[in-house]
Amino acid sequence: MRVPPILKYSLLGSLLMVAIQASAAADPLARLRALGAASQCRQASDCATVPVGLRACGGPAAYIAVGTADEPAAQALAQRHLAQRRAELARSPAPPATCEAILDPGARCVDGRCVTGKSVSAE
């Protein structure tokens, strides 16, 4: 049976998309960022920050804003990412150079999306 070229390319494209999605699913940081980008809110109290990553001298590398409804899933993804970072740092010959503390910026609701930044009490 002869397969038309258009069908071959369509099948190859589908396989490539499946591979890309599987790779993103295996990356907890990518999933965490996607979760944060999709978080919706009505007011600042609908948002929270989740510490992400690990600095060589301790503490998180950054914070991601998520909806409070998504916070448990975000915390689990952040823990998976943290475990990966610890393993990477243990394998690397020298820790990253900077060691400043990254403070929690808080989260706020802007145009229906949770974002990092100082919360404003008027929201």
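For the reader, a short list of remarks on this structure follows.
- Among the residues listed as LEU54, LEU89, the single one being aliphatic (A, V, I, L, M) and more than 16 Å from the chain's Cα centre (by Cα): LEU89
- Residue, surrounded by the fewest Cβ atoms within 10 Å (Cβ to Cβ), within the stretch 81-104, restricted to residues that are among the acidic types (Asp, Glu) and part of a loop (DSSP other than H, G, I, E, B): GLU100
- Just one of the listed residues (ALA87, ALA62, ALA76, ALA83) is at pLDDT 95 or above, closer than 29 Å to ALA38 by Cβ, out of contact with any Leu (no Cβ under 8 Å at 6 or more places or on another chain) and not polar (S, T, N, Q), namely ALA76.
- If the condition is being over 15 Å from the mean Cα position of the chain (by Cα) and under 22 Å from LEU103 (Cβ atoms), then the stretch 22-45 contributes CYS41, ALA44, SER45.
- Of the residues contained in the stretch 109-122, none is found to be buried (at least 16 other Cβ atoms within 10 Å of the Cβ), part of a helix (DSSP H, G or I), at pLDDT below 90 and in contact with a Gly (Cβ under 9 Å, 6 or more places away or on another chain).
- Within the stretch 51-80, the set of residues being buried (at least 20 other Cβ atoms within 10 Å of the Cβ) and touching an Asp or Glu at 6+ places or on another chain (Cβ under 7 Å) comprises TYR63, GLY67.
- Restricting the stretch 46-78 to residues that are free of Cβ contacts under 8 Å to residues at least 24 places away in the same chain and not hydrophobic (A, V, I, L, M, F, W, C) leaves a set whose member that is farthest from ARG108 (Cα to Cα) is GLY58.
The values are calculated or read from the model by the stated rules, or taken from the named source; none is laboratory data. Please read all numbers here as calculations on a predicted model, not as lab measurements. Every residue, glycine among them, receives a Cβ derived from its backbone with ideal geometry; neighbour counts consider all protein chains shown.
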